[in-house]
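Take a look at the structure below.
The values are calculated or read from the model by the stated rules, or taken from the named source; none is laboratory data. The model shown is predicted, which means the values in this text are computed figures rather than measured ones. Neighbour counts are summed over all protein chains in view; Cβ atoms, including those assigned to glycine, are modelled from backbone coordinates with ideal geometry. Just the protein is used for accessible areas: all its heavy atoms, side chains included, with ligands, DNA and RNA removed. Shrake-Rupley method; radii C 1.70, N 1.55, O 1.52, S 1.80 Å.
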Amino acid sequence: MKRTTTIALTALSAGVVLSAGLTPTFLTSTKQPAHVSAPAAARRASGVTTIVWAAGTISGNGLRQDMVNHFEKLHPTIHVKIVQEPSNTNTTRAQLVSEISGGATSPDVYMGDVIWPGQFGSLHLALPLSQHLSKSFFSRFAPGLVQGASYKGVVYGAPFFQDSGFLYYRKDLLAKAHLPVPRTWQQLMHDSLVLQHKHMVKYGFVWQGASYEGLTCDWMEYLTDAGGQVFNKAGKPVMNSPQAVKALTFMRSLITSGVTPKDVITMQEPQAMTAFNDGQAAFLRNWDYAWTNSQTKGQSKVIGKVGVVPLPTFAGHAGTGYATIGGWNLYVNPHSKHLAADLTFINWMTGVQGQTILATKASEIPTNAAVQRNPQIRKLNPVLSIVSKTHLIARPSQTPQYPAISLAIYSNINAALAGQVSVKQALQTANSQIAQAANKSGL
Ligand code: GLC
């Protein structure tokens with residue numbers, strides 16, 4: 001498969017000028033927004049405004065800084081300082097909750113998970129963007145993304161990039177052993193065992209099994225594919241179902257069969273990625289950026305040897321498996337002293353030029369609908385054509401209690417994967433803890 005190549009911006013988006021229709025109302029107005037203080041305005045007039053952007057590593061190839069450099073060239077009066085966020089979304093969340101609830105004015109803008117609007121909106125940890133940006137600004141995104149970035153009808157996040165789960169595989173090894181690219185979980189297990197018995201690779205399949213949000217994402221994929229749910233239509237927790245037993249029994253069997261290493265129970269995205277990039281595993285479940293990551297010099301020993309397909313399904317189901325929807329929004333700290341600059345930055349990062357860089361320098365899924373539809377970009381980014389063929393599923397995150405619900409899921413699933421409790425016991429405990437958490441939120 002071709003390597004992702006950077007599209008010269010001159011070819012695609014030079015001369016792209018943000019049209020008035022896409023520009024936040026207040027950016028087109030000459031008046032200062034009410035809450036930009038006079039000293040801040042004076043500072044801006046006399047020089048450069050520095051805003052702090054807290055952001056996690058996106059694809060490990062310098063993408064964030066590249067985007068910022070382009071932005072600063074167009075907006076020489078704004079300097080964006082990147083502050084590194086941890087790679088674990090739970091740690092990032094805890095850090096930001098503590099900083100912002102303590103009144104910190106920095107970071108000004110932060111990259112935050114798509115599952116946060118319930119909690120961050122209800123606790124006033126994010127500026128209500130829909131009160132500062134016009135409706136036409138939000139029309140650049142698919143409506144579902146805007147809805148996902150909202151809580152009780154208020155939009156808190158500007159969708160920055162979308163994530164979706166994929167299966168990465170070693171096409172060289174499968175070809176050598178005359179094995180098919182797996183379309184079912186059973187086939188993946190079989191392929192892995194053959195490759196491992198032939199000593200062609202150490203591990204079959206690596207994924208995210210640690211006790212954190214990433215495991216909830218992986219779990220949702222097996223659970224939904226097996227026909228199960230966390231909540232039924234009436235909002236009742238139903239995770240102790242036969243379908244859930246099937247899903248978790250299969251996950252545990254990946255470990256007991258040796259296809260997945262035991263230490264998957266401590267693996268988050270970076271550890272699974274490293275095992276795959278080092279050539280130690282035949283298969284990897286990871287997000288879209290893993291394509292770029294596996295094809296970047298200095299990071300990967302498997303350049304040119306990787307294929308990417310939708311996640312498999314249990315035998316008997318037609319088509320592909322399910323992929324959890326992830327992704328990150330740009331949120332504004334409600335205590336930021338640089339609102340005008342913050343919104344200018346968000347406008348560019350989610351606009352055509354910013355999103356073109358995002359989707360071509362890295363295999364990211366852009367949130368800007370026009371960029372996502374662009375056939376030139378689709379040709380260069382192999383995950384874009386796959387994502388439209390995949391069944392996407394959302395986590396039950398539209399409640400302030402989602403952190404507790406997810407904790408009940410991943411901590412109990414992790415205990416079963418570790419063999420500390422039986423599959424049935426883990427699901428029973430998870431279900432009653434989910435019920436407790438959901439009751440608190442009045443679900
Ligand atoms: C990715 C996803 C995010 C998810 C996280 C779990 O960063 O974009 O939505 O919560 O992985 O580790």
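Annotations for the structure displayed:
- S122 satisfies every condition listed in (1) within 28 Å of V97 (Cα to Cα); (2) within 16 Å of the ligand (Cβ to nearest atom) except (2).
- Of the residues in segment 330-349, not one is in contact with a Gly (Cβ under 6 Å, 6 or more places away or on another chain) and more than 18 Å from V109 (Cα to Cα).
- Meets criteria (assigned by TED's automatic domain parsing to the domain that holds S136 and touching a residue at least 24 places away in the same chain (Cβ under 8 Å)) for Y289: no
- Meets criteria (modelled with pLDDT under 95, in a helix (DSSP H, G or I) and not assigned by TED's automatic domain parsing to the domain that holds G307) for P39: yes
- Here F137 fulfils each of the conditions (1) buried (at least 24 other Cβ atoms within 10 Å of the Cβ); (2) away from the ligand (no atom under 15 Å from the Cβ); (3) within 20 Å of the chain's Cα centre (by Cα) apart from (3).
- Unique residue being free of Cβ contacts under 8 Å to residues at least 12 places away in the same chain and hydrophobic (A, V, I, L, M, F, W, C) when the list is A210, A175: A175
- Among the residues of segment 42-64, those identified as within 19 Å of the chain's Cα centre (by Cα) and either away from the ligand (no atom under 16 Å from the Cβ) or aromatic (F, W, Y) (or both) are W53, N61, G62.
- Within segment 236-281, the residues that satisfy the criterion of being open to solvent by 30 Å² or more (accessible area, probe 1.4 Å), over 30 Å from S87 (Cα atoms) and not in a helix (DSSP H, G or I) are K236, V238, N240.
- No other residue among A404, A415, A435, A426 is in the same structural domain as S241 (by TED's automatic domain parsing), outside any loop (DSSP other than H, G, I, E, B) and surrounded by 21 or more Cβ atoms within 10 Å (Cβ to Cβ) apart from A426.
- Which numbered condition T274 fails, given (1) farther than 28 Å from S363 by Cβ; (2) within 16 Å of the ligand (Cβ to nearest atom): (1)
- Summed over segment 176-189, the residues that are open to solvent by 40 Å² or more (accessible area, probe 1.4 Å), under 31 Å from the mean Cα position of the chain (by Cα) and not charged (D, E, K, R) give a count of 4.
- Count of segment 190-208 residues which are closer than 18 Å to Y322 by Cβ and either touching a Ser or Thr at 6+ places or on another chain (Cβ under 8 Å) or open to solvent by 40 Å² or more (accessible area, probe 1.4 Å) (or both): 2
- Filter result for I386 (aliphatic (A, V, I, L, M) and assigned by TED's automatic domain parsing to the domain that holds G144): yes
- Among the residues of segment 307-346, those identified as under 14 Å from W53 (Cα atoms), among the hydrophobic types (A, V, I, L, M, F, W, C) and within 16 Å of the ligand (Cβ to nearest atom) are W328, L330.
- A323 vs. criteria under 30 Å from Q428 (Cβ atoms), touching a helix residue (DSSP H, G or I) at 6+ places or on another chain (Cβ under 7 Å) and modelled with pLDDT under 95: no
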